[in-house]
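**Q** To start, I am sharing the structure in question, which I have written as structure tokens.
The values are calculated or read from the model by the stated rules, or taken from the named source; none is laboratory data. Predicted model, so just to flag it, every value in this text is computed and none were measured. Cβ atoms come from the backbone with ideal geometry, glycine included; neighbour counts cover every protein chain shown.
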Amino acid sequence: MTLEKHSLVETPEKIKLLWYLTLPDGPIPWEPHGRWNTGFKHLQRLASTIDDLGFYGALLATGLGGNEVLTVTSSLISSTQRLKFLAAIHPGLVGPAKLAQIASTIEQFSEGRLLFNAVNGNDRALPAFGVHYPHDERYRYSLEYWQAFQKIFKGETDGYEGEYIKLAPFPPELVQQSKSVAADSHKKTYYPQGLPLWGAGTSAAGVAHSIEVLDVYLSFADTPQRLGEKFRRVAAEAAKIGKRLKFGTRLQIIVRETEQEAWDYAQYLIDHTSVEYAIQSIKRQLPPGETFESYQSDNPQIQQNIDTIKSGKLPNAKDFEIYPNIWTGPALHGFNVLGPLAGTTLVGSAENVAARIREFQAQGTSAFILSGWPLIDEAYRVADLLFPLLDLDHGFDIPQLASQSRSTSHKFTSEISSST
Ligand SMILES: Cc1cc2nc3c(=O)[nH]c(=O)nc-3n(C[C@H](O)[C@H](O)[C@H](O)COP(=O)(O)O)c2cc1C
């Protein structure tokens, strides 16, 4: 089969917009001077805001530090009504049967609002949590973990026998007991096929794992074409085993009424970011064996930016535009000077950002996990400026913030497509 046969261009999926639901927060949270003191009340306000605004869901990322995502999810169920919690999970930190019990409790209490982001993290952090498998083996372990998890989650009681995971069948009295508990509590099944698993994995082992266990394959953003190529490669692998995936990406966002305002704000972020943050981010992104001093890029734009940073200054905001409205400037998730990754940002007028999102959509992306800082303020901007311009599929009517359509406003229309 050719890649074209799996092109997702012919029938683009409708768009889902998700936001970000974790601390820290602030206008420039990657710098100590731009980070707020936040806590549970702030998370509650953030959760209820994005719920009210009509985002489809929110990502709760997980790492070595920070709050535990399922605890956060449970604590925010009652602050929200329709928001889906996309909670990132590293397999192996709790056993699959226990995780299935926790997931099923949250599924019931939230009335079907739990999703998992199945992540396998990195080699450096996981051993500290007790997961010692090397990279590729971690994905083989993870495959068994999620298969065992889904069996228990769906209520199957005949156990699981794998190389890494072994769950004994339920004893008969426990099977009876779990059936009567389900009947007594009028347990409703929201996901009879198993809990929806979103997730990532770019390496060969990561892709092999993803096509087996995931429903939605995620990747950090790139240009629409390059991301589309990656998704088509993964879709072709999935098709070989008869699987069809959906695709999503992660982007930061600066959306304003005009291009000028958006780029002025991007410049403001540059002006308040230290050269040191750029250097540290570059060091984290270097290929193995390279140093900040030795690294040379064959991309002239990137090399020019590295040279400017080496001279002790940051380049201008526009120097980090790698494609119209796609920016690798500073973000909480890294300052991707060496090329697009977790910090990649959409910058522009609402019309142009919407056009870019539609371009990603035409290349197969249907879920967009967005964040802008501060999270509450920028969530309002996205809902106000962007929601009305996109054909969203959130499973409910999207509330309209503006009392009047902006498309009639002179200021707004005069800026449309000024940079495309
Ligand atoms: C949208 C998205 C979100 C991710 N969130 C997390 C996370 O919360 N925690 C984590 O350890 N890794 C996270 N990752 C990284 C993946 O776990 C994985 O390390 C990465 O995709 C590299 O894949 P590889 O292991 O195949 O090289 C995320 C990746 C993507 C694309």
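**Q** Is it the case that Lys230 is charged (D, E, K, R) and not in a helix (DSSP H, G or I)?
**A** Numbers: charged (D, E, K, R): yes; not in a helix (DSSP H, G or I): no.
In short, no.
**Q** Is it the case that some residue within the stretch 174-185 is away from the ligand (no atom under 16 Å from the Cβ) and in contact with a Gly (Cβ under 7 Å, 6 or more places away or on another chain)?
**A** As a first pass, look at the stretch 174-185 and keep what is away from the ligand (no atom under 16 Å from the Cβ): 174-185.
Now narrow it down to the ones that are in contact with a Gly (Cβ under 7 Å, 6 or more places away or on another chain): none.
No, because not a single residue in the stretch 174-185 is away from the ligand (no atom under 16 Å from the Cβ) and in contact with a Gly (Cβ under 7 Å, 6 or more places away or on another chain).
**Q** Tally up the residues in the stretch 82-106 that are more than 16 Å from the ligand (Cβ to nearest atom), surrounded by fewer than 20 Cβ atoms within 10 Å (Cβ to Cβ) and under 21 Å from the mean Cα position of the chain (by Cα), please. Show your work before the answer.
**A** Narrowing the stretch 82-106 to residues more than 16 Å from the ligand (Cβ to nearest atom): 82-83, 95-98, 100-106.
If we keep only those that are surrounded by fewer than 20 Cβ atoms within 10 Å (Cβ to Cβ) too, we end up with 82, 95, 97-98, 101-102, 105-106.
Remaining after also requiring under 21 Å from the mean Cα position of the chain (by Cα): 82, 106.
Number of matching residues: 2.
**Q** Okay, moving on. Restricting attention to the stretch 220-243, does a residue exist that is of a type in the set (Ser, Thr, Tyr) and within 12 Å of the ligand (Cβ to nearest atom)?
**A** The initial filter retains those residues of the stretch 220-243 that are of a type in the set (Ser, Thr, Tyr), namely 223.
The next check asks that each one be within 12 Å of the ligand (Cβ to nearest atom); those that pass are none.
No.
**Q** Next question, about the same structure. So which residues in the stretch 195-209 are assigned to a loop (DSSP other than H, G, I, E, B) and crowded, with 18+ Cβ neighbours inside 10 Å? Don't jump to the end; show me each part of the working.
**A** Within the stretch 195-209, the first condition is being assigned to a loop (DSSP other than H, G, I, E, B), and the residues that meet it are 195-196, 200-203.
Scanning the stretch 195-209 gives Leu195, Ala200, Gly201.
**Q** Restricting attention to the stretch 122-135, does a residue exist that is away from the ligand (no atom under 16 Å from the Cβ), free of Cβ contacts under 8 Å to residues at least 40 places away in the same chain and not in a strand (DSSP E or B)?
**A** Going through the stretch 122-135, the residues away from the ligand (no atom under 16 Å from the Cβ) turn out to be none.
Scanning the stretch 122-135, I find no residue that is away from the ligand (no atom under 16 Å from the Cβ), free of Cβ contacts under 8 Å to residues at least 40 places away in the same chain and not in a strand (DSSP E or B), so the answer is no.
**Q** Moving to a separate point now. Does at least one position in the stretch 149-157 carry a residue that is away from the ligand (no atom under 13 Å from the Cβ), in contact with a Phe, Trp or Tyr (Cβ under 6 Å, 6 or more places away or on another chain), within 21 Å of Val181 (Cβ to Cβ) and not β-branched (Val, Ile, Thr)? Reasoning before the result, please.
**A** Residues of the stretch 149-157 that are away from the ligand (no atom under 13 Å from the Cβ), as a first pass: 149-157.
Restricting the remaining residues to those that are in contact with a Phe, Trp or Tyr (Cβ under 6 Å, 6 or more places away or on another chain) gives 151, 157.
Okay, now just the ones that are also within 21 Å of Val181 (Cβ to Cβ), so 151, 157.
Checking which are not β-branched (Val, Ile, Thr) leaves us with 151.
Scanning the stretch 149-157 turns up at least one residue that is away from the ligand (no atom under 13 Å from the Cβ), in contact with a Phe, Trp or Tyr (Cβ under 6 Å, 6 or more places away or on another chain), within 21 Å of Val181 (Cβ to Cβ) and not β-branched (Val, Ile, Thr).
Here is a yes/no grid of residues against (1) loosely packed, with under 13 Cβ neighbours inside 10 Å; (2) away from the ligand (no atom under 16 Å from the Cβ); (3) more than 25 Å from Pro224 (Cβ to Cβ):
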{"site": "Phe247", "(1), (2), (3)": "no, no, no"}
{"site": "Asp271", "(1), (2), (3)": "yes, yes, yes"}
{"site": "Gln280", "(1), (2), (3)": "no, yes, yes"}
{"site": "Gln303", "(1), (2), (3)": "no, yes, no"}
{"site": "Thr308", "(1), (2), (3)": "no, yes, yes"}
{"site": "Ala317", "(1), (2), (3)": "no, yes, no"}
{"site": "Phe320", "(1), (2), (3)": "no, yes, no"}
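**Q** When you scan the stretch 9-48, how many residues do you find that are under 20 Å from Tyr268 (Cβ atoms), in a loop (DSSP other than H, G, I, E, B) and at pLDDT 95 or above? Show your work before the answer.
**A** Narrowing the stretch 9-48 to residues under 20 Å from Tyr268 (Cβ atoms): 24-36.
Next cut, in a loop (DSSP other than H, G, I, E, B) only: 24-27, 29-33, 35-36.
Of the ones still in play, those that are also at pLDDT 95 or above are 25-27, 29-33, 35-36.
Number satisfying all stated conditions: 10.
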